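Accompanying notes for the structure given below.
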Amino acid sequence: MTRKQRRAAFIAVGLAILALAVGLVLYAMRDSIVFFYSPSDVVEREVAPGQRIRLGGLVETGSVETLADGAARFNVTDMVETITVSYRGILPDLFRENQGVIAEGMLLEDGTFAADTVLAKHDETYMPPEVVDALKRGGNWQGEGAEASHAETYGQGSYP
Amino acid sequence: MIVEIGHFALVLALAVAIAQTVAPMLGAYRRDAALMAIAGPAALLQLALVSLAFAALTWAFLVSDFSLKLAYDNSHSAKPLIYKISGVWGNHEGSMVLWVLILALFGAMVALFGRNLPDTLRARVLSVQASIAVAFLLFIVLTSNPFIRLDPAPFEGTGLNPLLQDRALAFHPPWLYAGYVGYSMTFSFAVAALIEGRVDASWARWVRPWALAAWLSLTIGIAMGSWWAYYTLGWGGFWFWDPVENASLMPWIVGTALLHSAIVAEKRGALKSWTLLLAIIAFSLSLLGTFLVRSGVLTSVHAFAVDPERGIFILGILIFFVGGSLALYAWRAPLLKTGGIFAPVSREGALLVNNLLLAAATAAVFFGTLYPLLLDAVNGPKITVGPTFFNLTFVPIFVVLLLLVPFGPFLGWKRADIQGAAERLMVAAGLAFVAMLLAYAFMWDGPWLAPLGIALAVWLVAGAASEIAWRIKLFSVPLTESMARARRSPRAAWGMALAHGGLGIAVAGIVGVTAWRAETIVALAPGESTQLAGYTLTLEAVGMRDGPNFEATTGVVRIDRGDRFVARLMPEKRRFPAERQEKTEAGIHTNWLSDIYVVLGDVAGEGKWVVRAYRNALAPWIWIGGMIMAIGGAISLTDRRLRVGAPVNAKTHAGARPVAAE
């Protein structure tokens, strides 16, 4: 094998791996990215049932109930629109009424939201920034809690 | 007074680090031995001063001196002793002091054990290392001073975040930092080599132990963090593709690539500039991780305080070191002489493919981690790149890599016989196939991909074992001869086999947990039972108990398998009055093949409690595998060749020869 052929072989392998990586990223981008919506967004943009989204807002006071089979049900509101969320699982330690929450899952045909993940804030003063934005857009931001950061994620409950 | 001494020591350390940055670099440039000689003692003095500062901080936590703001914010007199100590780094300021302490420790190690390095290289390495210390000491002193006093001193501290009140806090951050900071060492070597304009076998020989030490520390740190998340978060997951986790994974992957390419640079003199680039990128990603976690760009328990000033400062450090080193690389790397040509099918070629795949995997993780942040920064839509993205990108790339791993050790340098390697791996392939069939037979109701994952795991373990078997000529010579050969084999070979095998065990664990998890969630009154994967779980009682600084609701859950009693678990919900927070403690029973994992939830009306339980198949193997990998790294580190610093021609050394060439 000549030097030229050898170099060509290395470049071919490198390009093949690059193509593999780019291809996988583009493919994964198509349907594994989850958009964040407030309850108002969900109503305005008519989010289709079955599409995976993140729904964020405040947990409506007095709406949390634990059903007999262990599932939880609560309302997420941005003071304009309210959506009922059902979740089979143990709510995170920091989940509380009238505080920020993000539920990930999909809308059902009946307009309620089935969550498979519920994320609550990390500490007393923290409010998920998406929720802050959603409340601001809804004109209901009262400036409580910490300033919004560019935070994008927090774990289930809280994160180590 | 002690606190003030600590503060003073930290500022002195900054002054020493500045001297250590400037003088040796100048000395190396002018060939002035006196100036270069400053580097060693300065590195030791810097370590002594930073240690003093750290000790002063620890002392304030130990005696609960709440006139120190940091202790007031993060400690409490009723907190158990271990959390008082680990609480020192359970916060932003203290953790940065730990960062600098480890940085100084690595620098001092080069000063102590690097006497046989060429003078100029040693001076430049210590100078670059000190420049990193300058940046971070400035960061601490200017934006994150841990020694701020409160007047009047509060009577009681506000306590540590309950999630951090865990034994793992004593180990996870120090190991992780040792890994991050360990890459500062390879970075310093790379930058020093670029300035020198020379990379030779002895340089690569010097870099390898540091790359290995950093890699094994990071492996332990990541594994411990994952284990911590597993048992403390209450939903039995071990990896969440959270940006903070990705931030530690990226340097690990690039560090793994560095580990392998440094071998080629040492043994064959090829891939030199690529190795330098990897060393630069590994540390850049460590810095990026520090930036993501410490700046408040991401919010998690890892981000202790959100302060834009700090974020901008770290961003400045990041830009300076990454930009500076890459610019230096672009300018100087073309001057390096390349050597050691090799055929595509060869040990070098295999390691190059390993590197390309690892780089591609890093790129995928990098993209998935930073894309949402970038989109948000330009006011685009708010999106989340979740586990699905990483499962579709990182996982396939890694599967290709793992399939190729067992081939590497069977390929000879320069030109190899792939057919011969394949023949030697027939047994491993057969075992993998049998394992796949067994997995289909016993776990037929799981996802169809899972048995393939198990086959991959067995392929890795059996492949690693095959390499050792061929090396010691097992069964082809008398057993005593094989034993003698095993003893004579270099430790690096054993280390490699263990690391590759440990990887296989971890893969099995990951496949098991992902594919064969059984899960149930029910509301139970005391006395009631539920079924989970052949086990009967009975909630026997729920009671209250007081801990040292919390009160807990404890459930007693009895686990039976048929008529046989298995275990009694006590999952808890703890309330920390000082911190006004709750924390879930899972009850976990393991038989080393699978875990039964029970979490106690809220009251579900009429004297019932929500109980969530999982059967996590093969879960313990994830961390066992990780530990075996780390042990492999440690054994490699004790290899004679890595301890002997004097340059030895690779060709004349027995251990350098691969099995296939014999």
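Return the residues of segment B:1-23 that are buried (at least 22 other Cβ atoms within 10 Å of the Cβ) and more than 24 Å from B:A37 (Cβ to Cβ); say none if nothing qualifies.
B:G6, B:L10
Determine, yes or no, whether B:G502 is touching a residue at least 60 places away in the same chain (Cβ under 8 Å), buried (at least 23 other Cβ atoms within 10 Å of the Cβ) and within 15 Å of B:A462 (Cα to Cα).
Against the criterion (touching a residue at least 60 places away in the same chain (Cβ under 8 Å), buried (at least 23 other Cβ atoms within 10 Å of the Cβ) and within 15 Å of B:A462 (Cα to Cα)), B:G502 qualifies.
Would you be able to tell me the number of residues in segment B:602-636 that are at pLDDT below 90 and open to solvent by 30 Å² or more (accessible area, probe 1.4 Å)?
7
Taking segment A:28-40 as the search range and keeping residues that are of a type in the set (G, A, S) and in contact with a strand residue (DSSP E or B) (Cβ under 8 Å, 6 or more places away or on another chain), which one is farthest from the other protein chains (Cβ to nearest Cβ)?
So the residue we want is A:S38.
Among the residues in segment B:254-265, are any of a type outside the set (K, R), away from chain A (no Cβ under 14 Å), open to solvent by 10 Å² or more (accessible area, probe 1.4 Å) and more than 15 Å from the chain's Cα centre (by Cα)?
The answer is yes, given that some residue of segment B:254-265 is of a type outside the set (K, R), away from chain A (no Cβ under 14 Å), open to solvent by 10 Å² or more (accessible area, probe 1.4 Å) and more than 15 Å from the chain's Cα centre (by Cα).
Please specify each residue of segment B:87-146 satisfying the condition of being of a type in the set (D, E, K, R), under 24 Å from the mean Cα position of the chain (by Cα) and surrounded by fewer than 21 Cβ atoms within 10 Å (Cβ to Cβ).
Within segment B:87-146, none qualify.
Restricting attention to strands (runs of 3 or more DSSP E) lying wholly within segment A:42-87, give those where 3 or more residues are closer than 29 Å to B:G605 by Cβ and within 14 Å of another protein chain (Cβ to nearest Cβ).
A:52-59, A:72-77
Residues that are under 29 Å from A:A120 (Cα atoms): find the strands (runs of 3 or more DSSP E) completely inside segment B:511-597 holding 3 or more of those.
Ranges flagged: B:518-524, B:535-546, B:551-561, B:572-576, B:581-585, B:587-590.
Taking segment B:579-601, which residues are of a type in the set (S, T, Y) and open to solvent by less than 30 Å² (accessible area, probe 1.4 Å)?
Within segment B:579-601, B:T584, B:S594, B:Y597 meet the criteria.
Given the conditions (1) under 28 Å from the mean Cα position of the chain (by Cα); (2) of a type in the set (A, V, I, L, M); (3) surrounded by fewer than 19 Cβ atoms within 10 Å (Cβ to Cβ), and given that B:A330 satisfies all but one, which numbered condition is not satisfied?
If we test B:A330 against (1) under 28 Å from the mean Cα position of the chain (by Cα); (2) of a type in the set (A, V, I, L, M); (3) surrounded by fewer than 19 Cβ atoms within 10 Å (Cβ to Cβ), just (1) comes out false.
If you go through segment B:375-383 one residue at a time, do you hit one that is in a loop (DSSP other than H, G, I, E, B), more than 10 Å from chain A (Cβ to nearest Cβ), open to solvent by less than 30 Å² (accessible area, probe 1.4 Å) and without any contact (Cβ under 8 Å) to a residue 40 or more places away in the chain?
Taking every residue of segment B:375-383 in turn, at least one turns out to be in a loop (DSSP other than H, G, I, E, B), more than 10 Å from chain A (Cβ to nearest Cβ), open to solvent by less than 30 Å² (accessible area, probe 1.4 Å) and without any contact (Cβ under 8 Å) to a residue 40 or more places away in the chain.
Yes or no: B:P387 in contact with a helix residue (DSSP H, G or I) (Cβ under 8 Å, 6 or more places away or on another chain), of a type outside the set (D, E, K, R), open to solvent by 60 Å² or more (accessible area, probe 1.4 Å) and modelled with pLDDT under 85?
When the stated conditions are applied, B:P387 does not pass them.
Taking interchain pairs and intrachain pairs at least six residues apart, which have beta carbon atoms under 8 angstrom, with the first residue in segment B:553-573 and under 16 Å from B:Y231 (Cα atoms) and the second polar (S, T, N, Q)?
Within 8 Å, the pairs are B:M570/B:T554; B:P571/B:T554; B:P571/B:T584; B:E572/B:T553; B:E572/B:T554; B:E572/B:T584; B:K573/B:T553; B:K573/B:T584.
Any chance you could count how many residues in segment A:9-36 are without any contact (Cβ under 8 Å) to a residue 60 or more places away in the chain and surrounded by 13 or more Cβ atoms within 10 Å (Cβ to Cβ)?
Of the residues in segment A:9-36, 17 are without any contact (Cβ under 8 Å) to a residue 60 or more places away in the chain and surrounded by 13 or more Cβ atoms within 10 Å (Cβ to Cβ).
What pairs come up if the first residue lies in segment B:603-622 and is facing another protein chain (nearest Cβ under 8 Å) and assigned to a strand (DSSP E or B), the second is of a type in the set (D, E) and open to solvent by 40 Å² or more (accessible area, probe 1.4 Å), and their beta carbons are under 6 Å apart, counting only those six or more places apart or on different chains?
Listed by first residue and then by second, the contacts come to B:V610/B:D602.
Please list, ordered by first then second residue, the pairs with beta carbon atoms under 8 Å, 6 or more apart or interchain, first in segment B:33-52 and at negative phi, second among the basic types (K, R).
These pairs meet every condition: B:M36/B:R122; B:A39/B:R122; B:G40/B:R122.
Taking segment A:8-27, which residues are more than 22 Å from B:V385 (Cα to Cα) and more than 7 Å from chain B (Cβ to nearest Cβ)?
Scanning segment A:8-27 gives A:A8, A:I11, A:A12, A:L15, A:A16.
So how many residues does segment B:397-420 have that are among the hydrophobic types (A, V, I, L, M, F, W, C), open to solvent by less than 40 Å² (accessible area, probe 1.4 Å) and closer than 15 Å to B:L460 by Cβ?
5
Take the residues in segment B:360-371 that are in contact (Cβ under 8 Å) with a residue 40 or more places away in the chain and surrounded by 23 or more Cβ atoms within 10 Å (Cβ to Cβ), then tell me which one is nearest to B:A455 (Cα to Cα).
So, considering only residues that are in contact (Cβ under 8 Å) with a residue 40 or more places away in the chain and surrounded by 23 or more Cβ atoms within 10 Å (Cβ to Cβ), the one nearest to B:A455 (Cα to Cα) is B:A361.
Restricting to segment B:188-246, what's the tally of residues that are part of a helix (DSSP H, G or I), in contact (Cβ under 8 Å) with a residue 40 or more places away in the chain and within 14 Å of chain A (Cβ to nearest Cβ)?
Number satisfying all stated conditions: 14.
State whether one or more residues within segment B:164-183 are within 22 Å of B:S95 (Cβ to Cβ), within 14 Å of chain A (Cβ to nearest Cβ) and of a type in the set (V, I, T).
no
Name the residues in segment B:589-600 that are over 13 Å from B:Y230 (Cβ atoms) and free of Cβ contacts under 8 Å to residues at least 60 places away in the same chain, would you?
Passing the criteria: B:H589, B:N591, B:W592, B:L593, B:L600.
Could you run through segment B:353-374 and say how many residues are more than 7 Å from chain A (Cβ to nearest Cβ) and over 22 Å from the mean Cα position of the chain (by Cα)?
Residues meeting the conditions: 2.
The values are calculated or read from the model by the stated rules, or taken from the named source; none is laboratory data. Please read all numbers here as calculations on a predicted model, not as lab measurements. Don't worry about glycine lacking a Cβ; one is built from the backbone with ideal geometry, like all the others, and counts go over all protein chains shown. Calculation scope for accessible area: heavy atoms of the full protein, side chains included, ligands and nucleic acids excluded. Shrake-Rupley method; radii C 1.70, N 1.55, O 1.52, S 1.80 Å.
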